[in-house]
Amino acid sequence: MSRADILLHPIRLRIVQAVAAAGEATTAAIAETLADVPPATLYRHVGKLLEADVLQVVGSRQARGATERTLAVARARLGADDLEGASREDHERWFLGFLLGLFGKLERQPDGPVVLEGFGYHTHQLWLTDDELTAMASELREVIDRHIANRPDGERRLRSLSTVLLPEPDVPVVPEDP
């Protein structure tokens with residue numbers, strides 16, 4: 001199973017997101033956060049994430065006769081090498097898993113108005129050269145990296161920012177009026 005298959009599974013992606021949000025977490029803490037996931041399923045998926053080096057054990061202690069491990073995210077980003085040789089069907093399956101994960105987040109929102117502060121989804125059409133795209137992606141990473149290490153402080157709320165970049169098929173350029 002590829003790293004992409006491991007990481008882009010909806011439950012495993014939620015586990016990684018829960019650990020990333022906490023910085024470090026025990027499996028018991030993850031189970032509390034993902035209360036809708038049966039314990040056996042949770043432990044099986046945590047095991048797969050550890051085997052794939054997506055999660056790492058950063059500590060352990062004895063608790064009630066068992067060893068309780070503390071986990072952290074080791075490597076959750078997929079690189080070009082992880083996607084090399086992937087078929088169109090692979091990308092469609094991974095993208096569907098990604099979208100289902102987002103839909104699950106919306107579905108798990110408490111009853112009431114869905115329009116929460118900061119909630120939204122947007123599409124922007126951008127004309128970019130490959131160099132401009134690379135520069136923009138770098139700028140976005142810099143902005144996100146400035147905030148990714150924030151921890152809860154009583155005022156902060158956990159928010160998810162998901163990005164999708166889809167190249168458009170070649171389209172004819174409509175000439176501007178003279």
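Summary of values
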read-out	value
Listed residues Glu32, Glu139, Glu24, most fluctuating in the chain (Gaussian network, C-alpha, under 10 Å)	Glu139
Virtual spin-label span in nm between Leu99 and Ala21, 7 Å along Cα→Cβ	2.3 nm
Förster radius 35 Å - calculated FRET efficiency between Val174 and Ala76, Cβ distance, rounded to 0.05	0.30
For the chain, built as a Gaussian network whose Cα springs stay under 10 Å, the top-fluctuating residue of Ile148, Ile15, Ile30	Ile148
Share of Cα-Cα pairs in region 93-178 lying beyond 21 Å, as whole percent	55 percent
Euclidean distance of C-alpha centroids, region 37-79 and region 140-178, integer Å	29 Å
Diffusion coefficient, µm² s⁻¹, Stokes-Einstein with Kirkwood Rh over alpha-carbon pairs of the chain at 4 °C and 1.567 mPa s	68 µm²/s
Pairs of Cα atoms farther than 25 Å apart, region 3-108, %	21 percent
Selected from Val73, Val143, Val16 as most flexible by GNM, with the chain as the system and alpha-carbon contacts under 10 Å	Val143
Stretchable slack from Asp145 to Tyr43, in nm (0.36 nm times residue separation minus alpha-carbon distance)	33.8 nm
Over the chain, relative contact order from alpha-carbon pairs under 8 Å, at least 6 apart, %	23 percent
Note, ³J(HN,Hα) from phi for region 42-53, Karplus 6.51, -1.76, 1.60, rounded to Hz, x at Gly and Pro	4, 4, 4, 6, 4, x, 5, 5, 5, 4, 8, 6
Estimated FRET transfer efficiency (Ala135, Gln62; beta-carbon r; R0 35 Å; 0.05)	0.10
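Coordinate-derived values only; no laboratory data. The shown structure was predicted, so the numbers you read here are calculated from the model rather than taken from an experiment. Note that we place each Cβ from the backbone using ideal geometry, even for glycine, and neighbour counts take in every protein chain shown.
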